[in-house]
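The values are calculated or read from the model by the stated rules, or taken from the named source; none is laboratory data. Just so it is clear, the structure is predicted and the values come from calculations on it, not from any experiment. No Cβ is skipped: glycine too gets one built from the backbone with ideal geometry, and neighbour counts run over all protein chains shown.
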Amino acid sequence: MAQAHVLGLPRIGAHRELKFAVEAFWRGEMSATALQEIGRQIRAANRRAQREAGLDWITVGDFHWYDHVLSTLALVGGLPARFGWAPAALSLDDYFVAARGDAGQSAMEMTKWFDTNYHYLVPEYSPQTRFGEGTEWLFDDVAEALAEGGSVKPVLLGPLSLLYLGKEKNGLADRLSLLPDLLTQYERVLARLKTQGVTWVQIDEPILALDLPEPWRDAFTPVYHRLAPVAPSLLLATYFGDVSEHAALLAALPVAGVHLDGVRAPKQLDTFAAQWPHQKVLSVGVVDSRNVWRCDLAKARALLVPLADALGDRLWVASSGSLMHCPVDLASEGRLDKEVRTWLAFAVQKLAEVALLRRSLDAAAFASADVSAAFVADATAQAARRTSPRIHNSVVQKRLAALTDAHARRASDYPARASAQRAWLKLPVLPTTTIGSFPQTPAIRRARADFKRRALSHLDYLETMRAQIRLAVEKQEAYGLDVLVHGEAERNDMVEYFGDLLWGFVITEQGWVQSYGSRCVKPPVIYGDVSRPRPMTVAWARHAQSLTVKPVKGMLTGPVTMLQWSFVRDDQPRELTALQIALALREEVAALEKAGVRVIQIDEPALREGLPLREGDWPSYLDWAVHAFRVCSSGVADDTQIHTHMCYSEFHDILPSIAALDADVISIETTRSDMELLGAFEAFAYPNEIGPGVYDIHSPRVPSQAEMEHLIEAALTRIPAERLWVNPDCGLKTRDWAQVDRALTNMVAAANAVRKRLSAGQRQVLAA
């Protein structure tokens, strides 16, 4: 009979217990022992959920204090050499310094995990990199699970993916040169797991879904020929895309089984089934690990039945990838819309779906009362969702039909717009600004919570938020910033805030997922056509502008980011949903301009995140993503300045598309990579204005004025001064005011110092 398992579970806890514990540990309010106990409880709860669902394998090793890539580096002793730590003696404090930085060391670079909204820490590989015996954490987790009994399956990021997802530093020519040393540690880890009594290990190699260079593809055969003899049975797991071009390679590898993503790439299953070796397991992910819609059981079973007939007990039924990208448990939703609720499944519910599908492959079980009733209930829910009158809005459909190319074009080209904007803005060279948000203090969060549960009146809430806006404006004027923001005190999240105000969205109570480290987000659910019933930001922006003579930016989240950072309806192409959001935002942009807000920022940090994993699929995505942005941003006068913002992705390979957005100003993250992105400007002349970040806001470390001057000077070697802005990498909501005060004071001082040097240089040129 087929087996059932999942590739991983959320590690944050049902009520974000890990977040609160880790942050208490960072503040010195919780001991390492107490933190470790919270971790033990989360792991135990995850194992219990798998057992209760009826899975055949209990997945472990998917719990991590901050990031799974960082934890794998800690396991194999591969943390950056610059930290100087003995791998086997690594403490939790050391681990978190690598992730967050401290007074003496900057944090490791962070970027998106494939095309998800999760961020991983980027390994740093140099000639000094040496792997060795690292932490015991994985082995301790396995021991916990084995003590409870049952079949335990540890999960481990594979060696080739671990190397590929890193960067070469300090003159290292080729990361693959480190492979032999790294494999020694993987042999040690796998042999140790075998000694513990583990019979199967899931080893993840997600890079197979990318456009993998030939040397990396060719490395798979010798790598797994080296690892297989010392390891338990290996299940090599791929996900996020089609890997059918590697079917022959994967069939020939000395692994006991392979996992495929049957949600993202169902057509690949035929390719593999046709040539799958008789002795190997094929794990097929048919329950979506990246969205919250309940699985269409009949459709998934139809996909599995021919595979079950061919493979028998060598078929494993699974989630498509790790469930870490899903909220934990739908049972935690007490106030969720009752109709929408019937359409959803969170991680715990998806465990049950996987187990149910495995049972359904047995003829007798499929005919049993409980399985039959579950399939009937699911079919009823699927039909209700398809036919619900809440899904489609004729007004939205008519507006989409009326769109023309003119709706995606500004009246004039950038040079004419820039002249008109400079005429009234009258900004100095190297103008300073921030990205939008300011610290979300306990008082702010408490006021929002009190208002939501009606413990604070509407008037008192308005006055509280206005006071926070006043504070933000006063502080920015004291720093000496040139273009201000209102601080976004009223916003719990840059996507959820808008999702709560737009029709076609629904907001959960406990639908949290991990974004990075202790940072969790609660993506809205887009269930139907999107429209804007009323203004969303105008009153806040107008109030902020009334407090100062300096320009204040109106702040919006762009259509692609709204799409990427939501759980999106799957009954129409994503580009149509993005365009619906763009039309709603276009109305808001027009309303801001009419209210006198003439600098408007439309953030698109997720633009690259949505990029397909294969380059051949990029043009189509970029066409509709750019079009959506331009539809929402183009209905304004020439002298209204449009900004956008992007962060924590690699942008060098899509710079022409970023330029095609035609935003007047773009701010972009560059600090953790030491302005690495600027190298791309040697090959591509970005035509508009740009603010490469000079302050890493995802670390508590406050950079000095001198550090920021260095970054500004580096930017000036590639970007003309008249088109260069100075700003942080991202919004400041996760920082405290003490950090912000020092950092922004240093940033403005750095800009002023470089301005003086530029002015002196110009005077010298004129004198000569």
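For SER515, state whether it is within 24 Å of LEU576 (Cβ to Cβ) and of a type in the set (Ser, Thr, Tyr).
no
For (1) within 24 Å of ARG417 (Cα to Cα); (2) touching a Ser or Thr at 6+ places or on another chain (Cβ under 8 Å), each residue gets a yes or a no:
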position	(1), (2)
GLU604	yes, yes
LEU613	no, no
TYR621	no, no
VAL626	yes, yes
ALA637	yes, no
HIS645	yes, yes
PHE651	no, no
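On the basis of being assigned to a helix (DSSP H, G or I), more than 26 Å from LEU732 (Cα to Cα) and either free of Cβ contacts under 8 Å to residues at least 12 places away in the same chain or not small (Gly, Ala, Ser) (or both), does GLN468 make the cut?
On the way: assigned to a helix (DSSP H, G or I): yes; more than 26 Å from LEU732 (Cα to Cα): no; either free of Cβ contacts under 8 Å to residues at least 12 places away in the same chain or not small (Gly, Ala, Ser) (or both): yes.
When the stated conditions are applied, GLN468 does not pass them.
Which count do you get for residues in the stretch 537-579 that are small (Gly, Ala, Ser), in contact with a helix residue (DSSP H, G or I) (Cβ under 7 Å, 6 or more places away or on another chain), farther than 30 Å from ARG386 by Cα and part of a helix (DSSP H, G or I)?
Summing the residues that are small (Gly, Ala, Ser), in contact with a helix residue (DSSP H, G or I) (Cβ under 7 Å, 6 or more places away or on another chain), farther than 30 Å from ARG386 by Cα and part of a helix (DSSP H, G or I) in the stretch 537-579 gives 2.
May I ask you to say which residue of THR72, THR111, THR59 is more than 26 Å from GLY171 (Cα to Cα), hydroxyl-bearing (Ser, Thr, Tyr) and touching a residue at least 24 places away in the same chain (Cβ under 8 Å)?
The match here is THR59.
In the set ALA373, ALA363, ALA347, which member is in contact (Cβ under 8 Å) with a residue 40 or more places away in the chain, in the same structural domain as GLY8 (by TED's automatic domain parsing) and either hydroxyl-bearing (Ser, Thr, Tyr) or more than 30 Å from ALA628 (Cα to Cα) (or both)?
Numbers: ALA373 fails: in contact (Cβ under 8 Å) with a residue 40 or more places away in the chain; ALA363 fails: in contact (Cβ under 8 Å) with a residue 40 or more places away in the chain.
Result: ALA347 is the single residue among ALA373, ALA363, ALA347 that is in contact (Cβ under 8 Å) with a residue 40 or more places away in the chain, in the same structural domain as GLY8 (by TED's automatic domain parsing) and either hydroxyl-bearing (Ser, Thr, Tyr) or more than 30 Å from ALA628 (Cα to Cα) (or both).
The rows are residues; the columns are (1) small (Gly, Ala, Ser); (2) closer than 26 Å to ILE658 by Cα.
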position	(1), (2)
GLU509	no, no
GLN514	no, no
ARG519	no, no
PRO523	no, yes
GLY528	yes, no
THR537	no, yes
THR548	no, no
GLY554	yes, yes
TRP565	no, yes
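Taking the residues in the stretch 119-146 that are of a type in the set (A, V, I, L, M, F, W, C) and within 11 Å of GLN196 (Cβ to Cβ) as candidates, determine which candidate is surrounded by the fewest Cβ atoms within 10 Å (Cβ to Cβ). Before you say what the answer is, go through the steps one by one.
Here is the first cut: in the stretch 119-146, the residues of a type in the set (A, V, I, L, M, F, W, C) are 121-122, 131, 137-139, 142-143, 145-146.
Pick out the ones that are also within 11 Å of GLN196 (Cβ to Cβ) and you get 138-139, 142-143, 145-146.
Working: LEU138: 24, PHE139: 18, VAL142: 21, ALA143: 14, ALA145: 25, LEU146: 16.
Ranking the qualifying residues of the stretch 119-146, first place goes to ALA143.
Collect the residues in the stretch 725-740 that are within 12 Å of THR441 (Cα to Cα), in a loop (DSSP other than H, G, I, E, B) and modelled with pLDDT of 95 or more, keeping them in residue-number order.
none
Quick check on this structure: which one of LEU297, LEU236, LEU315 is closer than 24 Å to ILE58 by Cα, modelled with pLDDT of 95 or more and touching a Phe, Trp or Tyr at 6+ places or on another chain (Cβ under 7 Å)?
LEU297
I'm checking my understanding of the structure. Among residues of the stretch 195-223 that are out of contact with any helix residue (DSSP H, G or I) (no Cβ under 7 Å at 6 or more places or on another chain) and under 18 Å from ASP62 (Cα atoms), which one is surrounded by the most Cβ atoms within 10 Å (Cβ to Cβ)?
It comes out as GLN202.
Of the residues that sit in the stretch 35-69 and are surrounded by fewer than 22 Cβ atoms within 10 Å (Cβ to Cβ) and of a type in the set (Asp, Glu), which one is farthest from LYS19 (Cα to Cα)?
ASP56
Which condition number does ILE12 fail, the rest of (1) at positive phi; (2) under 20 Å from the mean Cα position of the chain (by Cα) being met?
Looking at each condition in turn, ILE12 falls short on (1).
Evaluate the following for SER437: is it among the polar types (S, T, N, Q) and either surrounded by 22 or more Cβ atoms within 10 Å (Cβ to Cβ) or within 27 Å of MET708 (Cβ to Cβ) (or both)?
Taking the combined requirement at face value, the residue satisfies it.
Counting only residues that are loosely packed, with under 13 Cβ neighbours inside 10 Å and either at positive phi or in contact (Cβ under 8 Å) with a residue 24 or more places away in the chain (or both), how many does the stretch 376-390 have? Before the answer, list the steps.
Pass one, the stretch 376-390, residues loosely packed, with under 13 Cβ neighbours inside 10 Å: 376, 380, 383-384, 386-387, 389.
Imposing the further condition that a residue be either at positive phi or in contact (Cβ under 8 Å) with a residue 24 or more places away in the chain (or both) reduces the set to 384, 386.
Total satisfying the criteria: 2.
Which fully enclosed helices (runs of 4 or more DSSP H) of the stretch 1-118 have 1 or more residues being touching a Gly at 6+ places or on another chain (Cβ under 7 Å) and small (Gly, Ala, Ser)?
Filter on the stretch 1-118 gives 68-75, 92-100.
List, please: which pairs have Cβ atoms under 6 Å, are six or more places apart or on different chains, and start with a residue in the stretch 394-412 that is over 14 Å from ALA628 (Cα atoms) and end with one that is outside any helix (DSSP H, G or I)?
As it stands, the answer is VAL396/ASP529; VAL396/SER531; ALA411/ASP638; SER412/ASP638, since those pairs meet every condition given.
State which residue is surrounded by the fewest Cβ atoms within 10 Å (Cβ to Cβ) when the search covers only the stretch 473-491 and only residues that are within 28 Å of the chain's Cα centre (by Cα) and not in a loop (DSSP other than H, G, I, E, B).
Only one residue tops the list, namely LEU484.
So which residues in the stretch 235-286 are small (Gly, Ala, Ser) and closer than 17 Å to TRP200 by Cβ?
Correct list: ALA237, ALA256, GLY257, SER283, GLY285.
Only one of these is part of a loop (DSSP other than H, G, I, E, B) and over 30 Å from ALA663 (Cβ atoms): ARG446, ARG390. Name it.
Result of the check over ARG446, ARG390: ARG390.
When the residues of the stretch 166-189 are narrowed to those that are more than 16 Å from HIS225 (Cβ to Cβ) and without any contact (Cβ under 8 Å) to a residue 40 or more places away in the chain, which ends up surrounded by the most Cβ atoms within 10 Å (Cβ to Cβ)?
Residue satisfying both the conditions and the ranking: SER177.
Which residue is farthest from ILE391 (Cα to Cα), if the candidates are limited to the stretch 294-310 and must be among the hydrophobic types (A, V, I, L, M, F, W, C) and in contact with a helix residue (DSSP H, G or I) (Cβ under 8 Å, 6 or more places away or on another chain)?
ALA310
Is it fair to say GLY285 is crowded, with 24+ Cβ neighbours inside 10 Å and under 18 Å from ARG11 (Cβ atoms)? Talk me through it step by step, then tell me what you get.
Values: crowded, with 24+ Cβ neighbours inside 10 Å: yes; under 18 Å from ARG11 (Cβ atoms): no.
So GLY285 fails the test.
Among the residues of the stretch 405-445, which ones are modelled with pLDDT under 95 and basic (Lys, Arg)?
ARG445
If you check LEU269, LEU236, which single one turns out to be surrounded by 18 or more Cβ atoms within 10 Å (Cβ to Cβ), touching a residue at least 40 places away in the same chain (Cβ under 8 Å) and aliphatic (A, V, I, L, M)?
LEU236
Of the residues MET536, MET562, which is in the same structural domain as VAL485 (by TED's automatic domain parsing) and closer than 22 Å to GLN468 by Cα?
Every option except MET536 fails the conditions.
Could you please let me know if ARG608 is modelled with pLDDT of 95 or more, in the same structural domain as SER699 (by TED's automatic domain parsing) and basic (Lys, Arg)? Walk me through it before giving the result.
Working: modelled with pLDDT of 95 or more: no; in the same structural domain as SER699 (by TED's automatic domain parsing): yes; basic (Lys, Arg): yes.
Judged against the criteria, ARG608 is not a match.
May I ask you to list the residues in the stretch 411-428 that are in a loop (DSSP other than H, G, I, E, B) and closer than 24 Å to GLY487 by Cα?
Passing the criteria: LYS426, LEU427, PRO428.
Output the number of residues of the stretch 556-606 satisfying the condition of being more than 27 Å from SER515 (Cβ to Cβ) and of a type in the set (Lys, Arg).
Looking only at that region, the number is 3.
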